[in-house]
Amino acid sequence: MTSQSKARPYLLIAALVLAAAVVAFAGLSFSRKAQTFQPVGFESIDRGGSWQIESVADGQSALLPGDQVLFINGQEYGQIVDPEALIRRHATTELVVVRGDELVTVSHTLPPLAIDFPYLILSLIGIAYLLIGIYTLLRDGRKPSFLFFLWCVTSAVLYIAAPAPPYDWAGRSIYILDEIARILVAPLTLHLFAVFPRPVAQDPRVSRLIPFFYLPSALLLALQADLVFFNGRWLFGGNSAAALGLLDKLELYHLVAFSLAAVAVLFWRLR
């Protein structure tokens, strides 16, 4: 029995655990995104102990721009974990607001549903990717099948992940996983094209170059971690706004460069 065949059961277990984690993540992301299908009908700013209404989109609401919400259905705003979720539970909500120099009780009616059908389609595509990856891994014992499985899992996360407020631990986790998938999908694609169905070159020195495919991704992940966990303190001098703009550009250049490289490898194979 070869070392590869001995390691296969452990790789299968690890892959199935990863698939289960992705399914749990997909359920969390979908449930949070589905909540946004019901708009609340206004834009607001959290003022700590109150909710200041910036604009009202629905004419059935008695809210006015400038109102500061203090109570929602009798509950004090500052003690509510997710005010928007509370409002979405009822067709009509009673709010106590500060309007000018007086307290006013108003009612707010939810607007109609606004289902994000493109997201639903992308989620189905993501689930299909995950199922294809699992099927291929179970049926094919060759080493590239594990790489293809990782590519499918990364693509599934990319399609399913949809960061949505509130940005608590769950919202931040969805954002982080979405960014990890976005950064890794490009080198994984190039890696897959370079070794499947057989290595593009038989020279062992070429195979040693493959780990270097992931160096730009490692740098981008380090920059992203600094932005998410430290507000860009270590690598951007604390300027999170500039860091976000720079990261967006770097991720775009990274994606374009690796996409062109993957197309070049594919062209080489076809030629």
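The values are calculated or read from the model by the stated rules, or taken from the named source; none is laboratory data. The model shown is predicted, which means the values in this text are computed figures rather than measured ones. Ideal geometry is used to build each Cβ from the backbone, glycine not excepted, and the neighbour counts take in all protein chains shown. Side chains included, ligands, DNA and RNA excluded: accessible areas come from the protein's heavy atoms. Shrake-Rupley method; radii C 1.70, N 1.55, O 1.52, S 1.80 Å.
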Query raised in the report: Among the residues of the stretch 91-103 satisfying the criterion of being farther than 20 Å from P39 by Cβ and without any contact (Cβ under 8 Å) to a residue 24 or more places away in the chain, which is most open to solvent (accessible area, probe 1.4 Å)?
Result: D101
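Filter the stretch 137-196 down to residues that are of a type in the set (S, T, Y) and open to solvent by 40 Å² or more (accessible area, probe 1.4 Å) and give me whichever is nearest to E251 (Cα to Cα). Spell out the reasoning first.
Going residue by residue through the stretch 137-196, those that are of a type in the set (S, T, Y) are 145, 154-155, 159, 167, 173, 175, 189.
Okay, now just the ones that are also open to solvent by 40 Å² or more (accessible area, probe 1.4 Å), so 159, 167, 173, 175.
Working: Y159: 17, Y167: 22, S173: 19, Y175: 15 Å.
Taking the candidates together, the pick is Y175.
From the residues in the stretch 109-131 that are small (G, A, S) and under 30 Å from L150 (Cα atoms), which one is surrounded by the fewest Cβ atoms within 10 Å (Cβ to Cβ)?
A128
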Query raised in the report: How many residues are more than 24 Å from L28 (Cα to Cα) and part of a helix (DSSP H, G or I) if we restrict to the stretch 109-156?
Result: 10
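How many residues does the stretch 234-262 hold that are in contact with a Ser or Thr (Cβ under 8 Å, 6 or more places away or on another chain) and more than 17 Å from P187 (Cα to Cα)?
Final tally of qualifying residues: 0.
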Query - From R88, R47, residue being of a type in the set (D, E, K, R), over 30 Å from G126 (Cβ atoms) and open to solvent by 40 Å² or more (accessible area, probe 1.4 Å) - result: R47
Query - Failed item, numbered, when V106 is tested on (1) modelled with pLDDT of 90 or more; (2) buried (at least 18 other Cβ atoms within 10 Å of the Cβ); (3) in contact with a Leu (Cβ under 7 Å, 6 or more places away or on another chain) - result: (2)
Report task. List the helices (runs of 4 or more DSSP H) that sit entirely inside the stretch 164-271 and contain at least 2 residues that are charged (D, E, K, R) and touching a His at 6+ places or on another chain (Cβ under 7 Å). Result -> none
Query raised in the report: When both residues are 6+ apart or on different chains and their Cβ atoms are under 9 Å apart, which pairs have a first residue that lies in the stretch 162-176 and is closer than 11 Å to T36 by Cα, and a second that is polar (S, T, N, Q) and not in a helix (DSSP H, G or I)?
Result: A162/T36; A164/T36; P165/T36
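Here's the yes/no breakdown for (1) in contact (Cβ under 8 Å) with a residue 40 or more places away in the chain; (2) touching a Leu at 6+ places or on another chain (Cβ under 6 Å):
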{"site": "H191", "(1), (2)": "yes, no"}
{"site": "F196", "(1), (2)": "yes, no"}
{"site": "P204", "(1), (2)": "no, no"}
{"site": "S217", "(1), (2)": "no, yes"}
{"site": "L221", "(1), (2)": "yes, no"}
{"site": "F230", "(1), (2)": "no, no"}
{"site": "W234", "(1), (2)": "no, no"}
{"site": "G238", "(1), (2)": "no, no"}
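Filter the stretch 61-79 down to the residues that are polar (S, T, N, Q) and either touching a Gly at 6+ places or on another chain (Cβ under 8 Å) or part of a strand (DSSP E or B) (or both), then identify the one that is least open to solvent (accessible area, probe 1.4 Å). Outline the logic, then answer.
Here is the first cut: in the stretch 61-79, the ones polar (S, T, N, Q) are 61, 68, 73, 75, 79.
Restricting the remaining residues to those that are either touching a Gly at 6+ places or on another chain (Cβ under 8 Å) or part of a strand (DSSP E or B) (or both) gives 61, 68, 75.
On the way: S61: 17, Q68: 66, Q75: 93 Å².
Restricting to residues being polar (S, T, N, Q) and either touching a Gly at 6+ places or on another chain (Cβ under 8 Å) or part of a strand (DSSP E or B) (or both), the top hit is S61.
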